[in-house]
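A.B. asks: One structure follows; several queries about it will come next.
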Amino acid sequence: MTEDDLPYLQRGRQKVETTSSALISSSKYLSDYRIREWVVTQSLRKNGRDYPPTFGIPMLIEAVREVQDHERIEELFNEARKDWPEFDKWLDERWLSRLRRDDMKSCPEGSIGGIWYKQLVGAQMEVDIIPSFEPRSSFEYFFLRGVQIHDFMHILSGGGFDGLGEIMPAFLKYGNLFRYFNAELAGLLNVQNTLLTIPMFMRGPLHYPALFPKMWDLAHYALKVGERSDPLFLPRYEDWLDLPLEEARRKFGVRGARTIDTSRESDFFNEFTTSYDPDPPEREAVAAE
């Protein structure tokens, strides 16, 4: 078959010879079997009780940290430091929280510490999402501090601690990092965020089409909050746990945020319920934000 005999969408394909005995690509993400497994599984599967949504995350984190170009990220951080004294100081200090769950036990109801404490107790969880470690570079520090403040991003963005609620801190991060860093660095800092979040937007319309418009509304809302807000990776939220939620949003420069209950949709998304009727007025309200 000649080139002219092929459907026009298939013309121009070039075969690349290799001596590799394994799948290999010019994309380091496609070349890593752990990342391929994660993306395929998370993009195409249905949600179910037999496979916790966090099950593959430790393997994904390990893979991403191995394939990323740490030296390039350090170079870009150093460039960003030059004209940003606050960021320069933040990277030099490498302050890490030693907060434990019971430290928030006395926080007032409705405060950011009180909200977080109630969530942790209800879920029978501790503060650390992953085991802590001593960062050896600016990038490792940025990563670890991002893990430490993840639940604050839930609270400040208004996202629930549930399946669809994860959309909001994820897209808050997109909006915020792409505002304060150049595109290359923002992209590199969002690799793990992308691999964790975007597969939801494939399996959503495949298996839960009634939820798909709401998912995009939440993403758009959170992206805009991130773009409008101060750099949210810099504050020491742990020093202000007693602040009421709205006061905390003002304190930390979180603009345009409001609390959105996604528990009903998340129950359906997680297949804990069997039916879901979208609410068009609610969708329009979220989109308007």
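Every number in this text was worked out from the coordinates using simple rules, so none of it is lab data. Remember, predicted model here, so these are calculated numbers, not experimental data. For neighbour counting, all protein chains shown are included, and Cβ atoms are generated from backbone atoms with ideal geometry for every residue, glycine included.
A.B. asks: Running a GNM on the chain with Cα contacts under 10 Å, which residue among Gln14, Gln68, Gln42 ends up with the highest mean-square fluctuation?
C.D. replies: Gln14
A.B. asks: Still on this structure, please answer the following. Could you work out the Kirkwood radius for the stretch 115-209, taking every pair of different alpha carbons, averaging 1/r and inverting it, reported in Å?
C.D. replies: After inverting the mean inverse Cα-Cα distance, the result is 14.7 Å.
A.B. asks: Can I ask one more? Of all the C-alpha pairs in the stretch 120-159, what % are more than 14 Å from each other?
C.D. replies: When every Cα pair of the stretch 120-159 is considered, 56 percent fall beyond 14 Å.
A.B. asks: Right, next: Ranked by Cβ crowding within 10 angstrom, fewest neighbours first, how are Asp242, Asp217 ordered?
C.D. replies: Lowest to highest Cβ neighbour count: Asp242, Asp217.
A.B. asks: Find the relative contact order for the chain and round it to a whole percent, using C-alpha pairs within less than 8 Å whose residues are 6+ positions apart. Let's see the in-between values first.
C.D. replies: Working: 304 pairs, mean separation 63.1, N = 289.
Over the chain, the number comes to 22 percent.
A.B. asks: So, one more: Can you give the three extents of the C-alpha atoms in the stretch 23-88 along their principal axes, from longest to shortest, in whole Å?
C.D. replies: 48, 30, 16
A.B. asks: What translational D, rounded to a whole number of µm²/s, comes out for the stretch 49-208 from Stokes-Einstein when the hydrodynamic radius is the Kirkwood one over Cα pairs, at 20 °C and 1.002 mPa s?
C.D. replies: It diffuses with D of about 123 µm²/s by this estimate.
A.B. asks: Also, quick follow-up: Which value results when the Cα radius of gyration for the stretch 71-134 is divided by 2.2 N^0.38 Å?
C.D. replies: 1.58
A.B. asks: How big is the C-alpha Rg of the stretch 155-214 next to the rule-of-thumb value 2.2 N^0.38 Å, as a ratio?
C.D. replies: Values: Rg = 12.7 Å, N = 60, 2.2 N^0.38 = 10.4 Å.
Normalised Cα radius of gyration, the stretch 155-214: 1.22.
A.B. asks: Return the subset of Lys214/Lys251; Lys82/Lys224; Lys46/Lys214; Lys224/Lys251 for which the Cα-Cα distance in this structure is over 20 Å, preserving the input order.
C.D. replies: Lys214/Lys251; Lys82/Lys224
A.B. asks: By how many nm would the segment from Asp50 to Ser137 lengthen if fully extended, with 0.36 nm per residue of separation less the alpha-carbon distance?
C.D. replies: Gain on stretching Asp50 to Ser137: 27.6 nm.
A.B. asks: What would the Debye equation give as log₁₀ I(q)/I(0) for the chain at q = 0.13, 0.17 Å⁻¹, counting only Cα atoms as equal point scatterers?
C.D. replies: For the chain at q = 0.13, 0.17 Å⁻¹, log10 I(q)/I(0) is -1.01, -1.59.
A.B. asks: Can you list which of the GluC sites (Glu not before Pro) found in the stretch 103-158 are DSSP loop residues with at most 13 other C-beta atoms within 10 Å?
C.D. replies: Details: sites: Glu109, Glu126, Glu140; in loops: Glu109, Glu126.
Sparse-neighbourhood loop GluC sites (Glu not before Pro): Glu109, Glu126.
A.B. asks: When each pair of different Cα atoms in the stretch 202-274 is counted once in the 1/r mean, what is the Kirkwood radius in angstroms, to one decimal?
C.D. replies: Value: 14.5 Å, from the Cα pair sum.
A.B. asks: Where does the charge balance sit around Gly226 when Lys and Arg score +1, Asp and Glu -1, over other residues with C-beta under 10 Å from its C-beta?
C.D. replies: +4
A.B. asks: Sort Ser43, Ser138, Ser157 by Cβ crowding within 10 Å, fewest neighbours at the top.
C.D. replies: The fewest-first ordering by Cβ neighbours comes to Ser43, Ser138, Ser157.
A.B. asks: If you don't mind, there's one more thing I want to ask. With each label point set 7 Å from Cα along the Cα-Cβ vector, what nm distance links Thr273 and Glu79?
C.D. replies: If labels sit at Thr273 and Glu79, their model points lie 4.8 nm apart.
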